[in-house]
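Bear in mind these aren't lab numbers, they're just calculated from the coordinates by the rules spelled out. Source: prediction; values computed, not measured. Glycine also receives a Cβ, built like all others from the backbone with ideal geometry; neighbour counts cover every protein chain displayed.
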Amino acid sequence: MSTLSNFSGWLLALFQLALFAMAAPLLAGWIKWLKARLQNRRGSSPLQPYRDLHKLFGKEVLVAETASAVFRAAPYIVFGATLLAAASLPLLTVKLPTAAIADMIVMVGFLALARFFLALAGMDTGSAFGGMGASREMLVSALAEPAMLMAIFTLAMSAHSTNLSSISSWVLNEGAILRPSFMFALLGLALVAVAETGRIPVDNPDTHLELTMIHEAMILEYSGRHLALMEWAAQLKLLLYGVLVVNVFFPWGIAESFAPGALALGLAALTAKLLLLSMILAVSETVLAKMRLFRAPQFLNLAFLLAVLGLLSFVILESGT
Amino acid sequence: MSRFDWLSELLARFEDEHILVRRGWARRLAPAHLLQIDAEDWGKAAAEAATFGCRWAGLWGEHLEEEIQVNACLVFKGDYLVLRTEVPAGEPLLPSHTPHFPGADRLERHAQDLLGLAFGDHPDERRWTRHLAWQEDEYPLRRDFPVQGHAGGETPPDGEYPFRAVLGSGVYEIPVGPVHAGIIEPGHFRFSAVGERVIRLEQHLGYVHKGIEKIAVGRDAEGVVRLAGRISGDSTVAHAWAACQALERACGVQPPERADFLRALFCERERVANHLGDIGAICNDVGFAFALQQFHRLREIWSRRSGERFGHRMMMDRLVPGGVAVDLDRGAAETLRTDHQALRTELERLYDILTDHPSLEDRLLGTGRLSAETARALGCTGYVGKASGQPCDIRHHSPYAPYQRLEVRPAVREEGDVMARMQVRMEEILESLRLMDELLALLPGGEVRAPFHHPGKACEGLGMVDGWRGEILTYVRLDAEGRLAHFFPRDPSWFTWPALERIQLGNIVPDFPVCNKSVNGSYSGGDL
């Protein structure tokens, strides 16, 4: 690869990361708007999350007297780690220089780091809600992470790589073949994504009930730019899982070169795929009630089971070919 | 079955226990019977009444001259019996009813805080209504306490309430409130939990104590009814009606029949509006926002119609002593009937969705069970009682005008869980719609307001109305000039709040909001 194309590659990688960060609030706002329409409400504009973030960044930060340095540092670490996790995903194109570090294990690790600090921050102020939220988050993640890794291993075994770009490219080259292992892994990963991003039926992103919260309970004590970063990180995570599902399982349309036309097509394809995915999410959130907290393990066990089935069906049905 | 055919049997039992009934009045608090007994027999009488199967419906006291008069209300087969006794103000000792009727707990502690009554064998002597707004040795309902209170500046925060601690490894406490995340009233909840399982819930209410009983003193009848309409905003019609009833019975005023019908119409409208809101809110508390939006839309349409037809969205101040303040014109009846039909059509579809929704069922079925025994022991009425097999509905069991002319069918369930409390509400909405259609069909003509006269001597009266939360009991006493001497409104929440403490036991912490919403006690109605 020439120096020039390498330079433009890095530039594109940065652009892609900026796009990721800037688009995340839009996806959250869009899903909210869709849900409002499905409930026969007019709903706030899909751009509302941008206004909220702007408002929060301009507000004074209040920190509880009992809070330690962890509480102050956590928003930056959580946001930073989530952003780095996002950087490892192929968004518009698969051929970026960052593809070398686009490893799934790394991504899961960054997300785990973010979650670790989120839970610590929840417990830091000593409020009962933060502690409850942290304990629930850990309950969910302890079960979600193995399921996620299992789903990822299924992909990795097919593509002989844990590199996300390579998997995308591999799926593109293989063409549209119905693979039982991928179907199972997709279902497992979708359930994990719902749990990890705090959506119904595991958590309710719109609730004001402090006793039922998971994610919101951990960030109850945050205000101002700290809260903005936490909210933004949550929106990033939602987009991250969305992109993971659409670009790894259905990578068609993603740019395989840096040509402007290909990139534009990649953006259009991504938007269309995310639109479809968000509609599925909005509909399911509208028709489902939230599960009782102790059902969450069953839900995630199902995710794990599906992922294991994916792995098995790969071994039994596909590995010989 | 004739009224009070059981009373002679109870009196015989009193006699066996050497409980001396000093005097009895059948008319003075009609339709209730009034019995005067000695203070030392107070506890024994409650024990007898409890074994007899009475429901305990309230306790209030009044500082007269040298003595404090205490009244307790019992209900059996829809008949009301008031026990009365007097204790010297200097030494106001009285046996407690709580060992026999657990529902008496908070009302006795309320009387202890406000009147200085001391209940000898009360299992819980902690303060209840009293926070830190007045001194330990001051009793606001005593005659020497000024209505405007003592200017003590800002009330200090009440952080010293002695909650009962639960000890054991892994037990932790979660303090919630008094300020909550939603726009609701203030109240403190203290959970003791192991993991997510609640092993004890204790409430601390009284944050919206307004001194209703004290500021009512000296008002005229109209002023009292206005005040009653502000005890609990969501029950403004029912509380105002109970106050009107008590005043009218005290003074022997007969409101026109048309006024009775309109009062019932307002009261049923209030029931429908609140039940609609509650069903939506219950669903929302388990993350099913669709139902919230739909039911709140229906409620909003309903309230707007109330505002348009009766001049107030919640129909506050539409009831006045002697009748009602607004009439219904001929065209309005037709509009309302069309509304009822439209609501029925919409509800049919929504009920289909709610009753056949596995993920909703999963959350509501079996959650927050209140056993029939507990509901009976606490004296729960309304949807909380009905969902736990207590068919108590005074519109049916001791009908007052105009319900004698209608056949009210109480919705009763046995399960006692959140789902049952929601289903009772669903059925009550349909029943109310039916009743309102009948009310409109039978609506007599004529005046809507009779002149309110005071008989020129001291008098007292008792009002009982089935509000949307359950039975409201209101006592009034007027002095010789027609001014209010004592006012006591007893909201059904006095008995459903303690029920919530028991409902939550064994349930998990995140299920509390939905359990709470299914009970939906009034903070303001009980804090007085």
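Couple of notes before you dig in:
- Close amide H contacts of residue B:68 (hydrogens built in the peptide plane, cut-off under 5 Å, sequence separation of 5 or more or a different chain): B:87, B:89.
- Theoretical FRET efficiency, 1/(1+(r/R0)^6), r = Cβ-Cβ of residue A:51 and residue A:22, R0 22 Å, to 0.05: 0.95
- For chain A, the alpha carbon positions stretch 59, 46, 42 Å along the principal axes, listed from largest to smallest.
- Per-residue mean of foreign Cβ neighbours for A:279-290 is 4 (Cβ atoms of other chains, 10 Å radius).
- DSSP loop trypsin sites (Lys or Arg not before Pro) with at most 16 other Cβ within 10 Å excluded, longest remaining stretch of chain A: A:60-321
- Within straight-line reach of residue B:77, meaning a Cα separation under 23 Å, sit the following lysines at least 8 residues removed in sequence or on another chain: B:44, B:386.
- Close amide H partners of residue B:490, meaning residues 5 or more places away or on another chain with modelled amide H under 5 Å apart, are B:473, B:474, B:475.
- Restricting the GluC sites (Glu not before Pro) of the stretch A:218-321 to loop positions (DSSP other than H, G, I, E, B) with no more than 15 neighbouring Cβ atoms within 10 Å leaves A:256.
- Listed residues A:34, A:261, B:57: farthest to the positive end of the dipole of the protein assembly as shown (Cβ charges): A:261
- Relative contact order [Cα under 8 Å, 6+ residues apart], chain A, whole percent: 28 percent
- Cut-off 20 Å, label 7 Å out along Cα→Cβ of residue B:443, residues of the stretch B:247-266 by amide N: B:255-266
- Of the trypsin sites (Lys or Arg not before Pro) found in the stretch B:378-482, the ones in coil according to DSSP and having at most 14 other Cβ atoms within 10 Å of their Cβ are B:457.
- Simple label model, 7 Å out from Cα along Cβ direction - residue B:64 to residue B:137, nm: 2.7 nm
- 222 nm mean residue ellipticity, helices alone, for chain A (DSSP H n ≥ 4; -39,500 (n - 2.57); rounded to 500): -24000 deg cm²/dmol
- Footprinting exposure proxy for B:48, B:334 (fewest neighbouring C-beta atoms within 10 Å first): B:334, B:48
- Here the protein assembly as shown is assigned +1 on the Cβ of each Lys and Arg and -1 on the Cβ of each Asp and Glu. Its dipole about the Cα centre then comes out at about 2380 debye.
- Scalar couplings 3J(HN,Hα) for the stretch B:192-206, obtained by applying the Karplus form with A = 6.51, B = -1.76, C = 1.60 to θ = phi - 60°, are 10, 10, 10, x, 9, 7, 7, 10, 7, 10, 10, 9, 10, 10, x Hz; x denotes Gly and Pro.
- Rounded to whole Hz, the Karplus (6.51, -1.76, 1.60) HN-Hα couplings of the stretch B:336-345, x for glycine and proline: 5, 4, 4, 4, 4, 5, 4, 5, 4, 4
- For the stretch A:25-41, the Karplus equation 6.51 cos²θ - 1.76 cosθ + 1.60, evaluated at θ = phi - 60°, returns couplings of x, 5, 4, 4, x, 5, 5, 4, 5, 4, 4, 4, 4, 5, 9, 6, 9 Hz by residue, with Gly and Pro reported as x.
- In plain terms, the chain from residue B:184 to residue B:27 could stretch by 52.3 nm, reckoned as 0.36 nm per residue minus the Cα-Cα distance.
- FRET E, pair residue A:138, residue B:163, Förster distance 30 Å, beta-carbon r, rounded to 0.05: 0.60
- Once the C-beta distance of residue B:93 and residue B:254 is scaled by a Förster radius of 35 Å, the resulting FRET efficiency is 0.25 to the nearest 0.05.
- Selected from B:122, A:164, B:242, residue furthest toward positive end of dipole (the protein assembly as shown; charges at beta carbon): A:164
- Here chain B carries DSSP beta bridges of which approximately 90% are antiparallel, counting only pairs with both residues inside.
- Relative exposure of B:124, B:158, B:329, B:511, judged by other C-beta atoms within 10 Å (fewest first): B:329, B:124, B:158, B:511
- Long-range amide H partners of residue B:57 with built H, under 5 Å: B:73, B:74, B:75
- Sites listed here are GluC sites (Glu not before Pro) in the stretch B:137-186 whose DSSP assignment is loop and whose Cβ has at most 13 other Cβ atoms within 10 Å: B:154, B:160.
- Counting other Cβ atoms within 10 Å as a rough exposure proxy, the listed residues B:184, A:177 run A:177, B:184 from fewest neighbours to most.
- Within the same chain, lysines fewer than 8 places from residue A:237 are excluded, and of the rest, those with a Cα less than 18 Å from its Cα are A:32, A:273.
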